[in-house]
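The block underneath contains the structure these notes are about, expressed in structure tokens.
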Amino acid sequence: MHFKQPEILYFLFALILPILVHLFQLRRFKVAYFTNVRFLTDISTQTRKSAKLKKWLLLLTRLLLLACLILAFAQPYFSSDVQKSSTHETYIILDNSYSMQAKGKQGELLKRSVEELLAQLPENQTFSLLTATETYWNVTTKSIKKELQQLAYSPIPFELDRALAQVNARPSREKKDILIITDGLGQQSKALNKTAREQRVVFVVPVAESQKNVRIDSVFVKEQSGAFYEIEVRLSQVGHESVAVPLAIYNGNTAVAKTIVTLKKTTKSTVFSIPKQPFHGYVTITDNALTYDNTLYFSISKPKYIRVLSIGEANKSTFLQRIYTSNEFQYKNEEYNQLDYNDIDKQDVVVLNELQTIPQALQTSLKSFANAGGTLVVIPSEKANSQSNFDVFINQFGTFKVNGLQNTPELITQIAFGHPLYKPAFEKTISNFDYPKVNIHYSIQSAYPKLLGFVTQNPFLLQAPSKNGSVYVFSAAINTTNSNFQQSPLIVPTFYGMAVLQQKSAQTNYTIGQADQVMLDAVIEKDAVVNIKNNTNQFIPIQQVVGRKIKLNCADYPATAGNYELFAANQKIDAISFNYNRIESNSAVSKLDLDQYKQASSIESVVDSWKSNTNDSELWKWFVLLALLFVLLEVFIQKFVS
């Protein structure tokens, strides 16, 4: 037998007190008898013997009563055979994502779960705890009590499979007890079935008292005029038939717009006009459900000109000059024989306009330009001797099959209205359109997205993904002799969209955990390092110089949403904003199906089950019962033993 509180056993020395009291009461006195009462001697002797027996019985009962009480407080137990013969391990997987910020009957789901764990788990029980952000191996509640109480919500969505993989990787001879505490929102698991078959898995699913919630979905620049940005704010709600929420936009700490938005449907968009100037602030609403999705940070940097270079004959490039106007673009045309190759890397967009031959040196420079994040537009020549050169060049960016020039005129009737290139220009699909045509074109076969196509289903304009940029390939020359495409309404959204689509918008806000392709258009010193910081946090992202740009990978940083600034060598480069992933507050998000798995109503019931199945046999309750029994026995002796 073992004791959880062995120091209590020192109180067994108190058993000497009843013995001393009893001995004091049994002191012997010398008795002298009177002659007139001598006949009562026999009766008196018999009475004293009976009283002496009663005192000894009471002493024994009181000693046993006191001993049982002391042993009960010492918490005796027998070590179970299971514990002696196995490597029993306990794992707790705790979901600390922002969906656990919802309020239950006793407060926020995560905080209440932490309180239950601290209250129900024995202080000396060893277990391992895994969350979305932290991992604690072989600890006790006493050793990590402070960490648990300060456990923050994770900006990265909780992934059950990731936690299960860590648990399964731990060696063990016997089955593991795995307690998973999660609301299941946004969870999908491929490993759960296998783990549940091999280990002892039980779920505790905290339930929010209300499913109602309003959130900010997104904020973006819808349009921009000469002096203003049109900012569109999209809200969504779940659980309400109709709800009105206050909404405000702040630039820094200054409120620039406020309104009340009434949502009678699932979603609603509101448009604000703000001055066209650098913006570093946030949009916020007032909603008492989930609070993490009530604020969305965004930054708008100072507008930058998009640099466009067209390579080709000047008389064939005049239409580009009319599209790429000086208020948004820095456009110039250079004929091949006057081209400075060093100028290519300084551009955002390069248009290769109907070159009959593309020298190898130019091919190498253009491929490097596209891989560095530039946008390349390739317009072939309709001359027969250009096919081989064109074929070899475009196949450096993907798989194309060029079948030769077709002399049959074709109408351009297929338009990818849903593509970001044309979506801003067309509110809906149009069928009665004055379709342009070409006289001579290449027959190209490719699996890449077809943005424009002929009536014969062959592509007229394709988009091939490059390493960091985009490559657009036309299948025909678009000079006024070969085509009337320059006179078509399609010409402006096509070339304007190709120039601005790949360029990062002036609005720079990213989701934490998804900011792995941040392209920074900046020139810094060779040994300088870009770091991102605000008043409370700072970190250095993974960075790589790609041509004239810097590619940043922020991984899972920062830990806190907010507005940040980018610095290199103590010089501010730009502004950037980060927001929490809102997938778990989306009304349409899936929920993990747990019907086939064991579920418990509370953490307390799980801990009690662990104690009864695998823990030591506790005896303190039996000693309490024995103490009560001895109390009753003493009462019986006092009343019935004379």
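The values are calculated or read from the model by the stated rules, or taken from the named source; none is laboratory data. Quick caveat: nothing in here was measured; it's all calculated off a predicted structure. Quick reminder, even Gly has a Cβ in these numbers, built from the backbone with ideal geometry, and neighbours come from all protein chains shown. Keep in mind that these areas ignore ligands, DNA and RNA; they rest on the heavy atoms of the full protein, side chains included. Shrake-Rupley method; radii C 1.70, N 1.55, O 1.52, S 1.80 Å.
Here are a few things to note about the model shown:
- Number of the exception - residue 361 against (1) open to solvent by less than 10 Å² (accessible area, probe 1.4 Å); (2) of a type in the set (A, V, I, L, M, F, W, C); (3) more than 27 Å from residue 491 (Cα to Cα): (1)
- Residue list for region 609-641, filter: among the acidic types (Asp, Glu) and either at pLDDT 80 or above or assigned to a strand (DSSP E or B) (or both): 618, 634
- Number of positions in region 280-303 that are part of a strand (DSSP E or B) and closer than 26 Å to residue 374 by Cα: 3
- Among the residues of region 250-274, those identified as open to solvent by 50 Å² or more (accessible area, probe 1.4 Å) and outside any strand (DSSP E or B) are 253, 264, 265, 266.
- Set side by side, the residues 494, 508 differ, and just one is touching a residue at least 12 places away in the same chain (Cβ under 8 Å), open to solvent by less than 40 Å² (accessible area, probe 1.4 Å) and within 30 Å of residue 275 (Cβ to Cβ), which is 508.
- Some residue of region 249-269 being hydrophobic (A, V, I, L, M, F, W, C) and at pLDDT below 85: no
- Here residue 242 passes the criteria (1) buried (at least 17 other Cβ atoms within 10 Å of the Cβ); (2) touching a Ser or Thr at 6+ places or on another chain (Cβ under 8 Å) except the one numbered (1).
- Of all residues in region 461-471 being in a strand (DSSP E or B) and closer than 23 Å to residue 520 by Cα, the one that is most open to solvent (accessible area, probe 1.4 Å): 465
- Residue check for residue 354: of a type in the set (Asp, Glu), buried (at least 21 other Cβ atoms within 10 Å of the Cβ) and in contact with a helix residue (DSSP H, G or I) (Cβ under 8 Å, 6 or more places away or on another chain): yes
- All positions within region 322-367 that are closer than 24 Å to residue 395 by Cα, within 45 Å of the chain's Cα centre (by Cα) and among the aliphatic types (A, V, I, L, M): 344, 349, 350, 351, 352, 362, 366
- One residue from 175, 222, 194 being touching a residue at least 12 places away in the same chain (Cβ under 8 Å) and outside any strand (DSSP E or B): 175
- Qualifying positions in region 528-587 - closer than 28 Å to residue 100 by Cα, open to solvent by less than 40 Å² (accessible area, probe 1.4 Å) and either touching a Lys or Arg at 6+ places or on another chain (Cβ under 8 Å) or in a loop (DSSP other than H, G, I, E, B) (or both): 539, 554, 558, 561, 564, 580, 581, 582, 585
- When restricted to residues that are touching a strand residue (DSSP E or B) at 6+ places or on another chain (Cβ under 9 Å) and assigned to a helix (DSSP H, G or I), region 304-324 contains 6.
To keep it simple, each residue is scored yes or no on (1) within 20 Å of residue 207 (Cβ to Cβ); (2) surrounded by fewer than 16 Cβ atoms within 10 Å (Cβ to Cβ).
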residue	(1), (2)
113	yes, no
121	no, no
128	no, no
136	no, no
140	no, yes
150	no, yes
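- Among the residues of region 277-320, just one is free of Cβ contacts under 8 Å to residues at least 60 places away in the same chain, surrounded by 21 or more Cβ atoms within 10 Å (Cβ to Cβ) and in contact with a Phe, Trp or Tyr (Cβ under 7 Å, 6 or more places away or on another chain), namely 311.
- Qualifying residues in region 423-460 (those that are open to solvent by less than 50 Å² (accessible area, probe 1.4 Å) and at pLDDT below 85) - the one farthest from residue 484 (Cα to Cα): 426
- Check on residue 323, under 30 Å from residue 564 (Cβ atoms) and touching a residue at least 40 places away in the same chain (Cβ under 8 Å): no
- One residue stands out among those in region 470-516 that are within 25 Å of the chain's Cα centre (by Cα), over 22 Å from residue 309 (Cβ atoms) and not β-branched (Val, Ile, Thr): the one that is modelled with the lowest pLDDT, which is 507.
- Evaluation of residue 327 against (1) in contact with a strand residue (DSSP E or B) (Cβ under 9 Å, 6 or more places away or on another chain); (2) exposed (fewer than 15 other Cβ atoms within 10 Å of the Cβ) (one fails), failing number: (1)
- In region 398-424, the residues that are in contact (Cβ under 8 Å) with a residue 40 or more places away in the chain and within 23 Å of residue 466 (Cβ to Cβ) reach residues that are open to solvent by 70 Å² or more (accessible area, probe 1.4 Å) and in a strand (DSSP E or B) with C-beta atoms within less than 8 angstrom, at least six apart or across chains, in these pairs: 398/465; 400/445; 401/445.
One line per residue, one yes/no per condition, for (1) surrounded by 20 or more Cβ atoms within 10 Å (Cβ to Cβ); (2) over 21 Å from residue 439 (Cβ atoms); (3) within 45 Å of the chain's Cα centre (by Cα):
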position	(1), (2), (3)
369	yes, yes, yes
375	yes, yes, yes
378	yes, no, yes
392	no, yes, yes
399	no, yes, yes
403	no, no, no
406	no, no, no
411	no, no, no
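- Among the residues of this structure, residue 87 does not count as one that is under 16 Å from residue 162 (Cβ atoms), of a type outside the set (D, E, K, R) and at pLDDT below 90.
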